[in-house]
Amino acid sequence: MSKDALTMRGPVHGTKDARRVAVGSGVGAVIETYDFIGFGTAAALYFGTAFFPGSDPVTGTLASFATLGVGFAARPLGGIIGGHLGDKVGRKPVLVASLILMGLATFAIGLLPTYAAVGLLAPALLVFVRIVQGLAFGAEWGGAILMSYEHAPWKSKGKYTGIVQAGFPVGLLLANLTFLVSVNLGGELAWRVPFLASIVLVAVGLIIRSKVPESPVFDEVKDSGDIVKSPIVEVIKTDWRNIVKGIGLRIAETAGYAVSITYMISYLHTEKLADKTQTLVALCIASAIGIIATMAWARLTDRIGRRPLYIWSTAFAALFAIPMFLLVNTGLFIAIIITIVISYAVCQNSLAGAQGAWFPELFQAKTRASGASLAYQISAMVSGFTPFITTLLFVSFGWMGPALLFGTYALIGLWAAVATRETWGKRERELADAATKSTPNTVSV
């Protein structure tokens with residue numbers, strides 16, 4: 001790679017707003033994750049009986065997880081819309097609009113009537129609001145990660161995008177802490193309060209995001225007249241291979257999470273291996289560790305590259321698939337905590353930490369939002385319906401079914417990592433070192 005190619009990653013030393021942009025993007029990621037992942041926790045613990053009552057608890061769980069999957073299915077469309085607008089009108093407008101949409105949809109969930117009150121209208125409304133959530137979340141990631149990436153110094157892309165990626169475990173922690181507290185309220189308040197409380201976070205996020213400046217790379221593309229008429233069509237024509245590889249990379253992380261965390265919550269509950277409080281405590285511990293872990297993994301990619309970390313992490317996840325269930329099946333609380341921490345802080349966070357910088361680097365600046373968003377969000381359809389599929393596998397094959405599915409997802413990620421080019425290898429790091437030393441640092445980051 002030439003130095004000219006590296007210049008499309010933004011200023012050598014980054015901008016003076018690099019840290020503020022990363023934190024602002026990260027705060028938005030916290031809020032949207034709180035909203036989106038909170039739905040997964042509620043689906044596993046409450047929605048089966050609130051919106052899909054019946055004598056068979058498995059049927060209620062399946063219906064609840066199917067609704068969860070609908071939101072993930074909508075994410076690619078949100079990614080397409082957000083990516084198109086990000087490449088056409090800028091990264092910042094997408095950030096603000098997606099946050100508003102997500103906030104309103106999540107608040108509405110807290111107000112929805114249950115099946116007991118309005119019958120079939122209740123699950124219909126839940127599905128509709130979940131679709132809106134999916135569209136907003138699909139548009140969110142591309143704008144947030146690119147704003148941070150394109151403001152960051154060349155040598156610290158992993159570090160700064162890691163701040164954004166760490167917003168997801170922070171959001172997960174806040175969501176589970178809220179549910180941990182609200183479980184004591186009993187009745188419908190146990191799941192309504194977490195969704196209603198999110199409106200406060202949205203207000204804070206909007207204030208922060210409204211003050212961050214536009215990406216310097218987008219401004220450069222716009223000033224040069226290089227804006228593409230149809231970014232989605234262009235990136236599919238020129239970079240479809242990277243989109244396919246990106247989907248494979250992402251499946252190991254997001255679909256793996258769907259098995260090891262989202263489904264595991266339900267598994268621990270239905271198999272009476274842990275009660276709701278124990279499960280939420282384990283998730284809170286894993287989330288807290290995951291905040292530091294995500295940023296640490298992301299920084300590591302600045303030193304060794306994006307690809308090596310991905311290869312080692314997916315290989316480990318494949319080997320961990322069966323031991324993961326063997327450990328929780330002991331019913332020992334400490335074993336459950338250790339398992340969830342490894343599943344999240346190692347198997348998931350390491351991949352998320354690498355994605356923040358690797359995905360933007362796979363695509364040209366003029367189609368970067370579209371390409372990265374498309375690869376990132378298409379894989380969400382797989383992860384969205386994974387808890388549903390995993391439940392069916394468990395009914396047919398016991399815990400070995402979900403374990404093998406987790407291992408399969410990890411192997412898909414391993415294949416994709418081997419097949420995808422390194423974008424921050426020794427050559428790129430040497431060029432960045434030389435450019436950093438030869439270019440005056442006029443900003444303070």
Of those in the range 416-445 that are open to solvent by less than 10 Å² (accessible area, probe 1.4 Å) and part of a helix (DSSP H, G or I), the residue nearest to Arg303 (Cα to Cα) is Ala432
Output for Cβ contacts, cut-off 7 Å, separation at least six or different chains, first residue assigned to a helix (DSSP H, G or I) in the range 339-354, second of a type in the set (Lys, Arg), reads Ala354/Arg306
Lys366 fails exactly one of (1) open to solvent by less than 40 Å² (accessible area, probe 1.4 Å); (2) among the charged types (D, E, K, R); (3) modelled with pLDDT under 90, namely (1)
By my count, helices (runs of 4 or more DSSP H) wholly in the range 224-336 with at least 3 residues that are within 21 Å of Leu393 (Cα to Cα) are 231-257, 264-270, 306-328
Of the residues in the range 223-243, those that are without any contact (Cβ under 8 Å) to a residue 40 or more places away in the chain and open to solvent by 70 Å² or more (accessible area, probe 1.4 Å) number 7
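Confirm whether Thr436 is in contact (Cβ under 8 Å) with a residue 24 or more places away in the chain and more than 30 Å from Leu77 (Cα to Cα). It would help to see each step written out before you state the result.
Details: in contact (Cβ under 8 Å) with a residue 24 or more places away in the chain: yes; more than 30 Å from Leu77 (Cα to Cα): yes.
So Thr436 fits the description; yes.
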Note on the range 150-202: residues among the β-branched types (Val, Ile, Thr) and either assigned to a loop (DSSP other than H, G, I, E, B) or farther than 27 Å from Gln348 by Cα (or both) are Val183, Val193, Ile199, Val200
Over the range 1-30, the set of residues in a helix (DSSP H, G or I) and at pLDDT 75 or above is Ala18, Arg19, Arg20, Val21, Ala22, Val23, Gly24, Ser25, Gly26, Val27, Ala29, Val30
Inside the range 392-415, the number of residues satisfying the requirement of being surrounded by fewer than 23 Cβ atoms within 10 Å (Cβ to Cβ) and either acidic (Asp, Glu) or assigned to a helix (DSSP H, G or I) (or both) is 16
Going through the range 203-217 in order, the residues found to be open to solvent by 10 Å² or more (accessible area, probe 1.4 Å) and outside any loop (DSSP other than H, G, I, E, B) are Ala203, Val204, Leu206, Ile207, Ile208, Pro216
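The values are calculated or read from the model by the stated rules, or taken from the named source; none is laboratory data. Source: prediction; values computed, not measured. Neighbour counts are summed over all protein chains in view; Cβ atoms, including those assigned to glycine, are modelled from backbone coordinates with ideal geometry. Side chains included, ligands, DNA and RNA excluded: accessible areas come from the protein's heavy atoms. Shrake-Rupley method; radii C 1.70, N 1.55, O 1.52, S 1.80 Å.
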